[in-house]
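Enquirer: One structure coming up, written as structure tokens, with questions to follow.
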Amino acid sequence: METLNSTTEKLVKATERLLQKFEQERAERKKVSGEAEARIKELEAQVQSLSEELSAQKEASENLHISNPQNQSQESAALSAESIDALVEEIDACLNLLKI
């Protein structure tokens, strides 16, 4: 009878340890998940901001081109294209991070 009680106590203690370990792992997963969600929201906000900036740059470029097409130098056109390319690359990088 004592062996049965001893074995039962050992099983109860082992079960308690397993339950504690499970709770710790669950809490860690929840923390990591929350951090990942926060990072995703941050990256989405950056993508939105960069998209708006890109739209504004495109609109400004189109307005500049329409209002004064003959006075736009080759250098300023290249600069605008470089700015747009940089924004597109930054948006692509943010989108790639969101695919993690």
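The values are calculated or read from the model by the stated rules, or taken from the named source; none is laboratory data. A quick note: this is a predicted structure, and the numbers were derived from the prediction, not measured. Heads up, the Cβs are rebuilt from the backbone with ideal geometry, glycines too, and the neighbour counts pull from every protein chain shown.
Enquirer: Going by the structure shown, is A93 assigned to a helix (DSSP H, G or I) and at pLDDT 90 or above?
Expert: no
Enquirer: Continuing with the same structure: So which of E44, E59, E53 is in contact (Cβ under 8 Å) with a residue 12 or more places away in the chain and under 21 Å from S80 (Cα atoms)?
Expert: Exactly one residue qualifies, and that residue is E53.
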